[in-house]
Amino acid sequence: MPAVFLNDRSLLLVSGAEAQSFLQNLITTDITSLGADEARPGALLTPQGKILFDFMIWQDGDGYMIETDAGQRDGLLKRLTMYKLRAAVTLATSTEEGVTVSWSEDAEGSQGVRDSQGVRDSQGVRDSRFAKAGVTLIRRPGKHGDGNEALYDALRISHGIVTSGSDFALQDAFPHDVLMDFNGGLSFRKGCYVGQEVVSRMQHRGTARRRVVTVSAATTLPETGTEITAGGKPVGALGSVEGGSGLAIVRIDRAGAAMAAGTPLLAGETPVSLVLPAWSGLVFPTSGDEASA
């Protein structure tokens with residue numbers, strides 16, 4: 001069972017009597033329904049509904065742990081502090097450095113991650129994004145493994161799970177673009193939060209047309225950022241790449257129309273095929289309509 005240490009992840013602790021209401025009224029995730037051993041994706045949005053910070057969040061005692069990219073930590077802490085005002089909330093950085101991820105796709109793994117002696121690991125939390133794809137992946141603060149990070153990237157790519165920086169730029173993507181409406185990171189039932197009005201309007205009007213896809217080629221894919229085109233027109237751009245597989249956020253209406261017409265899709269000069277993650281239930285539209293489950 002692979003165990004990979006991600007040294008580019010950092011942790012914030014949110015605690016205090018009003019920690020839950022503070023976060024519930026601010027971020028995209030419905031934390032009132034968060035399971036005790038579950039980590040969900042989340043985001044703090046701009047007022048225009050775009051992702052300002054993205055993270056994973058889980059319960060930590062009476063408070064919450066937020067895992068984010070190390071480069072985002074200080075900015076996120078500053079922004080949360082700005083919203084704190086007089087709320088009974090304590091914000092702090094964790095003493096733990098980095099996060100270890102371990103996973104299994106077999107039947108035993110579905111019952112929990114176990115160490116070499118078969119003892120169940122109760123110190124980690126299950127990543128709900130991977131659970132949607134049928135993979136039990138545990139996130140645990142600190143270093144508890146030395147597997148190659150490329151293994152984790154390959155797993156992410158194969159299941160259509162993106163990360164900011166590699167796959168999309170902050171302040172440039174809506175939650176729908178990165179499938180947060182399907183992976184548990186975006187709530188349409190709780191009350192208002194920053195940017196909620198915009199994403200709710202996108203949901204009800206069905207205007208989300210940029211979506212995550214897995215990209216494959218018969219040869220090695222070109223580098224991250226390479227434009228994907230159909231008939232010379234842009235469809236999207238490559239994100240994470242591992243050999244002949246990668247991720248991209250594309251206009252699925254344009255990609256669907258191209259595939260229906262038999263127009264080749266190219267990443268630079270390399271022919272590619274695009275697939276929507278099966279766990280999303282989405283399909284490529286063949287007209288201007290949004291993909292539907």
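Taking the accessible area of the stretch 3-202, probe 1.4 Å, and keeping the other protein chains in place, the carbon and sulfur fraction comes to 46%. Normalised per residue, the accessible area of the stretch 15-97 is 45 Å², obtained with a 1.4 Å probe and no contribution from ligands, DNA or RNA. Specify the angular offset, from 0 to 90 degrees and rounded to the nearest 10, of the alpha carbon long axis of helix 149-159 from the longest principal axis of the alpha carbons in the chain. Between helix and principal axis, roughly 60 degrees. The packing ranking, built from the mean of other Cβ atoms within 10 Å per residue, places the peptides 154-165, 272-283 in the order 154-165, 272-283, highest first. Per residue, the accessible area of the stretch 209-280 comes to 43 Å² when a 1.4 Å probe rolls over the protein heavy atoms.
Note on the stretch 209-280: with neighbouring protein chains present and a 1.4 Å probe, carbon and sulfur make up 52 percent of its accessible heavy-atom surface.
Temperature 10 °C, viscosity 1.306 mPa s: under these conditions the Stokes-Einstein estimate for the stretch 209-280, based on its Kirkwood radius over C-alpha pairs, is 136 µm² per second.
Can you tell me the FRET efficiency between residue 207 and residue 146 if r is taken as the Cβ-Cβ distance and R0 is 45 Å, rounded to the nearest 0.05? Efficiency, from the Cβ-Cβ distance: 0.50. Please label the shape of the chain as rounded, prolate or oblate, based on the square roots a ≥ b ≥ c of the eigenvalues of the alpha-carbon gyration tensor (a/c under 1.5 means rounded; beyond that, a/b larger than b/c means prolate, else oblate). Oblate.
The values are calculated or read from the model by the stated rules, or taken from the named source; none is laboratory data. Worth saying up front: this structure is predicted, and the values here are computed from it rather than measured. Here the Cβ is made from the backbone with ideal geometry for all residues, glycine too, and neighbour counts use every protein chain on show. With ligands, DNA and RNA removed, areas are computed over all heavy atoms of the protein, side chains included. Shrake-Rupley method; radii C 1.70, N 1.55, O 1.52, S 1.80 Å.
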